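Participant: One structure follows; several queries about it will come next.
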Amino acid sequence: MRLPIGINEQSAEPLYYQIEVQLRALIISGTLQAGTLLPSIRELASQLKCSVITIKRVYSDLEAEGLLRTKQGTGTYVSHVEEQSREEHRLGVVIEAIDHLMEAAKRVQCSKQELEQLLEEKLKQY
Amino acid sequence: MGEHAIALNSVKLVRDHFTFGPLDLEIPKGYVTAIVGPNGSGKSTLFRMIMNTIKPQQGNIHVLGEQLGYDNDDELKQNIGHLPEEATTFDYFLKGYDKAAFHAKWFRGWNNDTYQRLLSNLATRDDLQLKKMSKGMRRKFDLSLAMAHHPKLLLLDEPSSGLDPIAWKTMIEVLHQYMENEDHTILMTTHIVDEVKRLADYIVFLIDGQVYGTYEKDELLQSWMTYFIETPAHSTIDIRSIPGYCEHKLVSNGFYEVISSKAFEAEQWLEQQQVNVRSKQLLELDEILLQHVKRARQFAK
């Protein structure tokens, strides 16, 4: 199976983080359903041209979050995500994006009014 | 890093025009480690020492948990697959399958099905005399031989030399399949950037007989960056104080090109200093090697 995960080489975000965010989104959005067998660590590493160390980290982080589970000897599967935690995760992704937005706004000393105005403009297109 | 497949401890070898070490080196078990370095840096010497065909004057070497040099060679080599840089010539007159028969006799783990599958996967054959094989055909045949006894450790000295792009891709796939078993380890040398990208988990820089760092590949490739920056007018910023500073060039008044080996810290620093980053570009592995070589040779002076 090929996972629709893309890597931005020029990004300052570490590779494991980029992959983790995308894989988490695939699970939470339900694109990858509970019980789906994921590619082996070596397989995904070769698809994404990264090292197994990076993929091991991604799988174990997502396992700790309860999104994946590993059965000894058979592989790594997508866990069953509860409707409620799916909802929490879903909004969590958006909240995180808003945090990024506010940081970016602060960097260029954008005022609260300006930010509100920009958001209002953008929301019209939503 | 967990267990080691290979460990060198204070190993030193002095030859007329070349000194290897003294150095320590550990190759983690279950991973692919690529040795990268300029010609004549001691890569093949290292392989010969691991195969116990030359002995260091100092230090000791452990391979798969056994210390070399205690008449344990034969036993140890049952678990090693070795693809030397140059194909052997003393057995030119043999047909491929004759050489395979010799291997089958010698290696207890030899599996004829595995051997046949490798030959067919790699699209090569063994019904020719070795001297009649093309370079690529011979390379693929030798790789099949090296892997057919299910070794735990594969030593590959420039495995892809002589392979066309299609054969190269197949070789990468074959090696990935081999690494699906977590007990397996590959130690390889290569000059091909893409090969390191596709295969390696760890990278070791071996320069003029010395080890200049063992790195996790993804971390290494993400941390070397060239920045094209514009400093504010009348600024007194010293570009040399950027974290991970390596070298810089003045492009024109106020515009610099600077290389850092610590991209994450460098980016924060640039932001704090309110420096305008016009663009940035990751260094390729060969450029990172060049930086290591420069530093190593400067240090040696």
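Participant: Beyond a 31 Å Cα-Cα separation, which of these cross-linked pairs lie in this structure: B:Lys12/B:Lys294; B:Lys217/B:Lys294; A:Lys49/B:Lys280; B:Lys12/B:Lys105; B:Lys105/B:Lys140?
Facilitator: Violating the 31 Å Cα-Cα cut-off are B:Lys12/B:Lys105.
Participant: Per q in 0.22, 0.23, 0.25 Å⁻¹, report the Debye log10 I(q)/I(0) for region A:15-78, using one uniform scatterer on each alpha carbon and no solvent.
Facilitator: Values, matching the q order: -0.90, -0.99, -1.17.
Participant: Something else now. In a Gaussian network model over chain B where Cα atoms closer than 10 Å are linked, find which of B:Gln281, B:Gln129, B:Gln58 has the largest mean-square fluctuation.
Facilitator: B:Gln281
Participant: What is the projected area of the convex hull of the Cα atoms of region B:220-285, averaged over all directions, in nm²? Intermediate results must be reported in sequence, preceding the final value.
Facilitator: Numbers: hull surface 16.1 nm².
Across all orientations, region B:220-285 yields a mean hull projection of 4.0 nm².
Participant: Let me ask you something else. Considering only B:Ile207, B:Ile35, B:Ile229, give the residue with the highest GNM mean-square fluctuation for chain B, with springs between Cα atoms whenever their separation is below 10 Å.
Facilitator: Highest fluctuation among the options: B:Ile229.
Participant: Whose amide H sits under 5 Å from the amide H of B:Leu94, counting only residues 5 or more places off or on another chain, with H placed in the peptide plane?
Facilitator: Excluding prolines and chain starts, which carry no amide H, the hits are B:Leu130.
Participant: Further, regarding this structure: For the protein assembly as shown, what class follows from the C-alpha gyration tensor (a ≥ b ≥ c being the square roots of its eigenvalues): rounded when a/c is under 1.5, otherwise prolate if a/b is larger than b/c, else oblate?
Facilitator: Working: a/c = 2.43, a/b = 1.48, b/c = 1.64.
Oblate, since a/c reaches 1.5 and b/c is not below a/b.
Participant: I've got another one for you. Give the long-range amide H neighbours of B:Ala5: residues separated by 5 or more places, or on another chain, with amide H under 5 Å away, using H modelled in the peptide plane at 1.01 Å from N.
Facilitator: Distant-sequence amide H within range of B:Ala5: B:Ile27, B:Lys29.
Participant: Compute the whole-percent fraction of alpha carbon pairs in region A:83-124 spaced more than 15 Å apart.
Facilitator: Above the 15 Å cut-off, region A:83-124 has 54 percent of its Cα pairs.
Participant: Continuing with this model, one more query. In whole Hz, what ³J(HN,Hα) sequence does region B:20-34 give by Karplus (6.51, -1.76, 1.60; θ = phi - 60°), x for Gly and Pro?
Facilitator: Once θ is set to phi - 60°, the couplings for region B:20-34 become 9, x, x, 8, 10, 8, 10, 10, x, 6, x, 10, 9, 10, 9 Hz.
Participant: Any idea what % of Cα-Cα pairs in region B:37-110 are farther than 19 Å?
Facilitator: Details: 1316 of 2701 pairs.
For region B:37-110, the share of Cα pairs beyond 19 Å comes to 49 percent.
Participant: In addition: Taking only the alpha carbons of region B:170-227, what extent do you get along each of the three principal axes, in Å, biggest first?
Facilitator: Principal extents (Cα only, largest first): 37, 30, 20 Å.
Participant: Taking Rh as the Kirkwood radius computed over C-alpha pairs, what is the Stokes-Einstein D of chain B at 37 °C in a medium of viscosity 0.692 mPa s, expressed in µm² per second?
Facilitator: Approximately 154 µm²/s, per Stokes-Einstein.
Participant: If amide H atoms are built 1.01 Å from N in the plane of the peptide, which residues on other chains or at least 5 residues away come under 5 Å of the amide H of B:Tyr212?
Facilitator: Distant-sequence amide H within range of B:Tyr212: B:Phe205, B:Leu206, B:Ile207.
Participant: To test your reading of the geometry: what angle, between 0 and 90 degrees and rounded to tens, separates the Cα axis of helix B:165-179 from the longest principal axis of chain B?
Facilitator: 80 degrees
Participant: For chain A, just say rounded, prolate or oblate: build the C-alpha gyration tensor, square-root its eigenvalues into a ≥ b ≥ c, call rounded for a/c under 1.5, and beyond that prolate if a/b exceeds b/c, oblate if not.
Facilitator: Prolate is the answer for chain A, as a/c is 1.5 or above and a/b outweighs b/c.
Throughout, read-outs are computed from the coordinates displayed, never taken from laboratory work. Since this is a predicted model, take the numbers as computed values, not measurements.
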